[in-house]
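Below is one structure, written out as structure tokens, with a few remarks after it.
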């Protein structure tokens, strides 16, 4: 039967205002408080603390039997004595978890199964074969950490660490080893070094199609070439030039043409004209129908024009229809143009449609342009549809551009794919966002120095300056996050609020209020920034700030101790019980933490007089760092009824200080015993 759930209980009475209690109740309340706090162990001898059912269960000597109703425990029953076993049983509860560069193994308490337990053997192997396993360690507890390399990679998967199969067996106090926990090993792999994984993932992402597309500088020069080619075609059309050049060496040529023009001019520098060309041609190879219309007006070098050319052409191999429109305006040092070309082409292998719009303005060294290029192409094996929109501004050899690309592609070899990118290019420094889908993997990438997410609802508010998520200088910042599962290689934690924590067995290790249960802590070294401990038995700890109600410290080594409102006395002493006839009787070294005053005290007891004499004169000498502090003469008689003693107050420097005391008498007639020297330093 499981132990009852832990509850928070009060171990002392709340404070009462004694002056407000009736006089006849005060003795009763005082006695009641003493009884309760003595029973809880908060007052008096801890042996008088009362024993609870929970204490009996925790001791392992008793357990709760099953009750009549499910979920309701019955009364206490003794736990049967654990027997000694000639051969230890197979261990139970063996499991493990991988960490960064280590594997942590845990198992059930062997002493619950047999009493004469000594230690646990831990075995490891690369193969699931206990016969090939190697004994790697022995442990007296129920947890073991196997330290492994963080760069040992599984040869079949570079994103996984090289794991091992583990077994354990128990050994009795007689040195007899029992069977392993299982014939099959427990496979556990550690976590790889995060830096290695980041580099591995980064290289893989750099090789993706999307990464290559985003990193490429924008090739807007091809649109400048397209603009120049269309302008040359417009200039030819403006002259109402016939398309007879397309006939080449055709036979049986028939051409009909009609040209209409309307022109005016004034003073030879001002003119306007409208022209129209209509022509049809046929031969043994092709048929062509074409119209050209022009509108032109100019004054000196300033001019404006509109040109439209429509062409339909069919040959034995291809059918083409095109519509070209050009608007041009020029004034002094400024030019503006709008060119558009729409075309549809089919042949025996391909069908293609395109709509290209080019807009460009220029004034001296400044220029700006807009491009929109739409294409649809289909063949027997491939289908492509794309749209590219770009804007560009340049001056004095520098350029900035933004390009948006939407495309879908499908072919018999590679299947289907879709791509969308938005790129920004300033003098070759490229960034942007893109998405790519090949039907198996969807990649979304952002190429930027800084990236953040903010809520439009908080725009203009005082707390809008804090972004919920940001990446700045290759570092991720998150204001608030809920993380279900995390693997953190290293980190720094400030104040944290703990919810429910569970052990590997699924048992809670926190109380209802979210506090850690002390029984669930197993650590060789504990570092605490702030701790409040009722009772502590600590082998080794580094504690920055601690409020300790009750502590038992077997052996303390304290560098600096400060008591609020009180002083700390640092004693150093030396005693010499044997009999000495003179010379240095006692000495001590005092290590001062800082410059301070110390009190030096020396005493010794005369033992006997070698030569019968009524009086003996002795000299007491006390030195600090070879400097004489006291040199006094003392006279005594053969009765030896009093001791020699002296003291001095002296200022010492920080560090080691040597104190030596000596006594000498004439002809060494007196012996001395029970000599002692004591140095007291006081710190506040």
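For the stretch 36-51, name all the residues that are surrounded by 12 or more Cβ atoms within 10 Å (Cβ to Cβ) and out of contact with any helix residue (DSSP H, G or I) (no Cβ under 7 Å at 6 or more places or on another chain).
36, 37, 39, 40, 41, 42, 46
Give the residues of the stretch 240-268 that are loosely packed, with under 11 Cβ neighbours inside 10 Å, under 18 Å from residue 304 (Cα atoms) and modelled with pLDDT under 90, sorted by residue number.
Answer for the stretch 240-268, where residues must be loosely packed, with under 11 Cβ neighbours inside 10 Å, under 18 Å from residue 304 (Cα atoms) and modelled with pLDDT under 90: just 268.
Rundown of residues vs (1) free of Cβ contacts under 8 Å to residues at least 12 places away in the same chain; (2) in contact with a helix residue (DSSP H, G or I) (Cβ under 7 Å, 6 or more places away or on another chain); (3) under 22 Å from residue 246 (Cα atoms), yes/no style:
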{"site": "289", "(1), (2), (3)": "no, no, yes"}
{"site": "302", "(1), (2), (3)": "no, no, no"}
{"site": "307", "(1), (2), (3)": "no, yes, yes"}
{"site": "314", "(1), (2), (3)": "no, no, yes"}
{"site": "317", "(1), (2), (3)": "no, no, yes"}
{"site": "322", "(1), (2), (3)": "no, no, yes"}
{"site": "335", "(1), (2), (3)": "no, no, no"}
{"site": "348", "(1), (2), (3)": "no, no, yes"}
{"site": "362", "(1), (2), (3)": "no, no, no"}
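Quick one: which residue in 385, 394, 353 is in the same structural domain as residue 325 (by TED's automatic domain parsing), surrounded by 15 or more Cβ atoms within 10 Å (Cβ to Cβ), over 49 Å from the mean Cα position of the chain (by Cα) and free of Cβ contacts under 8 Å to residues at least 40 places away in the same chain?
Going through 385, 394, 353 in turn, just one is in the same structural domain as residue 325 (by TED's automatic domain parsing), surrounded by 15 or more Cβ atoms within 10 Å (Cβ to Cβ), over 49 Å from the mean Cα position of the chain (by Cα) and free of Cβ contacts under 8 Å to residues at least 40 places away in the same chain: 353.
Kindly indicate whether any position in the stretch 97-109 is closer than 16 Å to residue 180 by Cα, without any contact (Cβ under 8 Å) to a residue 60 or more places away in the chain and surrounded by 12 or more Cβ atoms within 10 Å (Cβ to Cβ).
yes
In the stretch 176-191, what residues are surrounded by fewer than 14 Cβ atoms within 10 Å (Cβ to Cβ) and over 37 Å from the mean Cα position of the chain (by Cα)?
183 - this is the single residue of the stretch 176-191 that is surrounded by fewer than 14 Cβ atoms within 10 Å (Cβ to Cβ) and over 37 Å from the mean Cα position of the chain (by Cα).
Going by what's in this entry, would residue 236 be described as more than 30 Å from residue 90 (Cα to Cα), more than 60 Å from the chain's Cα centre (by Cα), at pLDDT below 85 and not in a strand (DSSP E or B)?
Against the criterion (more than 30 Å from residue 90 (Cα to Cα), more than 60 Å from the chain's Cα centre (by Cα), at pLDDT below 85 and not in a strand (DSSP E or B)), residue 236 qualifies.
Are there any strands (runs of 3 or more DSSP E) wholly within the stretch 413-490 with 3 or more residues that are touching a strand residue (DSSP E or B) at 6+ places or on another chain (Cβ under 7 Å), and if so which?
415-426, 429-437, 442-447, 450-453, 469-472
Looking at residue 122 and the list (1) modelled with pLDDT under 95; (2) farther than 17 Å from residue 87 by Cα, which single condition is not satisfied?
Of (1) modelled with pLDDT under 95; (2) farther than 17 Å from residue 87 by Cα, only one is false for residue 122: (1).
The values are calculated or read from the model by the stated rules, or taken from the named source; none is laboratory data. Quantities reported herein were computed from a predicted structural model and do not represent experimental measurements. As a convention, Cβ positions derive from the backbone with ideal geometry for all residues, glycine included, and neighbour counts pool all protein chains shown.
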